[in-house]
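What follows is one structure encoded as structure tokens, with my remarks underneath.
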Amino acid sequence: MKNKFLEYLLRNEPEKVMSKSGYKFRKFISPPVRNVLAPATSKNTYHIDKRDGLPTDRPLIFSCTHQVKDDIAMGLASANRHTYLLFASLPDFFGTLDGPALWLNGVILVDRKDKDSRSATIPKMKYAIDMGADILMYPEGTLNKTENLVVQKLFPGIYYLAKEVNALVVPMAIIQEDDHIYSRVCEPFDICEYEKQEGLDTLRDLMATAKYELMEEHSKISRAEIGNAKDYWENEMNELVNSMLPFYDFEIENSSQFIDKNEVTYSQAFEHLNIIQPKLNNAFLFNKRI
């Protein structure tokens, strides 16, 4: 299936992809879309820790973790109010029924391979907020397939947007255990009171804490059940990716995480070994016992 009628959403001009009347219509139909249609697309059971009484005097940006297939549907349901979704999985959007469903909800598309499209996301989200919408986004940028990070480093766009529209940020976390998915919605916090890096670090800590608390409560497994940790993790990741085929873009999903230019990765630290010529005076570099 090719949802060609939705290709207009790839335009970079906000006024060409959203309208006030469209926003009002989507807000009106939002309750059944997020509470009925979204869960109905999944074979899993949702357990949502919703937070009532969220502020209405400032825009809200829901900032959600990203590690399970149902993150989008669960995020929409957990927000418990109408939100425009920032969405970047274009093969899924244009190749499945997810596209029309998200269009009904209200969606802002971004082509991660296109610089102009990436640059247009903040103006588009600001345009939606100016109409009265709240925003749901996943600032890790890609599925978290790391072995040791509860939450990956966050892209700074959420900070820039919040500062521009004076929004509060609502951290959210989602985990999956077997066919049960759990979410937690945290207290909103004012990221605008922080400098950029401190604000992003604080947000990441809040998301990670919420996710860790969910894991403490619901993720029970013994070492014997895990067996070989490397094999266990590879199987988990293969299962996750396979659940999204054939609409999983390996190229973009494996290269779109946030890269901190101030950090040196393991591969960068040792990439010189790929080009160095072994000699007597540098042989120690190749000694695996060291």
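Counting just the residues of the range 172-213 that are part of a loop (DSSP other than H, G, I, E, B) and free of Cβ contacts under 8 Å to residues at least 60 places away in the same chain, which one comes out nearest to Ala40 (Cα to Cα)?
Among those that are part of a loop (DSSP other than H, G, I, E, B) and free of Cβ contacts under 8 Å to residues at least 60 places away in the same chain, it is Asp178.
Counting only residues that are polar (S, T, N, Q) and open to solvent by less than 60 Å² (accessible area, probe 1.4 Å), how many does the range 24-46 have?
Of the residues in the range 24-46, the ones polar (S, T, N, Q) are 30, 35, 41-42, 44-45.
When the remaining residues are screened for being open to solvent by less than 60 Å² (accessible area, probe 1.4 Å), the result is 30, 42, 44.
Qualifying residue count, the range 24-46: 3.
Please state which one of Asn281, Asn235, Asn262 is in a helix (DSSP H, G or I), open to solvent by 60 Å² or more (accessible area, probe 1.4 Å) and closer than 30 Å to Asp111 by Cα. Working first, answer last.
Working: Asn281 fails: closer than 30 Å to Asp111 by Cα; Asn262 fails: in a helix (DSSP H, G or I).
None of the other options fit; the residue is Asn235.
Residues to consider are Glu193, Glu239, Glu216; find the one that is at pLDDT 85 or above and within 30 Å of Pro91 (Cβ to Cβ).
Values: Glu193 fails: within 30 Å of Pro91 (Cβ to Cβ); Glu216 fails: within 30 Å of Pro91 (Cβ to Cβ).
Result of the check over Glu193, Glu239, Glu216: Glu239.
Name the residue, out of Lys2, Lys24, Lys43, Lys69, that is charged (D, E, K, R) and more than 25 Å from Val241 (Cβ to Cβ).
Working: Lys2 fails: more than 25 Å from Val241 (Cβ to Cβ); Lys43 fails: more than 25 Å from Val241 (Cβ to Cβ); Lys69 fails: more than 25 Å from Val241 (Cβ to Cβ).
Only one candidate qualifies: Lys24.
Does the range 76-83 include one or more residues that are touching a residue at least 60 places away in the same chain (Cβ under 8 Å), out of contact with any Phe, Trp or Tyr (no Cβ under 7 Å at 6 or more places or on another chain) and either closer than 11 Å to Asn3 by Cα or open to solvent by less than 30 Å² (accessible area, probe 1.4 Å) (or both)?
Yes, the range 76-83 has at least one match.
Would it be correct to say that Ile72 is under 14 Å from the mean Cα position of the chain (by Cα), touching a residue at least 24 places away in the same chain (Cβ under 8 Å) and open to solvent by 20 Å² or more (accessible area, probe 1.4 Å)?
Values: under 14 Å from the mean Cα position of the chain (by Cα): yes; touching a residue at least 24 places away in the same chain (Cβ under 8 Å): yes; open to solvent by 20 Å² or more (accessible area, probe 1.4 Å): yes.
When the stated conditions are applied, Ile72 passes them.
Do the conditions hold for Val169, that is, is it aliphatic (A, V, I, L, M) and closer than 13 Å to Arg204 by Cα? Give the steps one after another, and end with the answer.
Numbers: aliphatic (A, V, I, L, M): yes; closer than 13 Å to Arg204 by Cα: yes.
The answer is yes for Val169.
Output the number of the condition that Ser21 fails; it satisfies all remaining conditions of (1) open to solvent by 80 Å² or more (accessible area, probe 1.4 Å); (2) not in a helix (DSSP H, G or I).
(2)
Of the numbered conditions (1) open to solvent by 20 Å² or more (accessible area, probe 1.4 Å); (2) touching a residue at least 40 places away in the same chain (Cβ under 8 Å), Phe93 satisfies every one except a single condition; which is it?
Result: Phe93 fails condition (1) only.
The values are calculated or read from the model by the stated rules, or taken from the named source; none is laboratory data. None of these values were measured; they are calculated from a predicted model. Ideal geometry is used to build each Cβ from the backbone, glycine not excepted, and the neighbour counts take in all protein chains shown. Remember, those area values only see protein heavy atoms, side chains included, never the ligands or the DNA or RNA. Shrake-Rupley method; radii C 1.70, N 1.55, O 1.52, S 1.80 Å.
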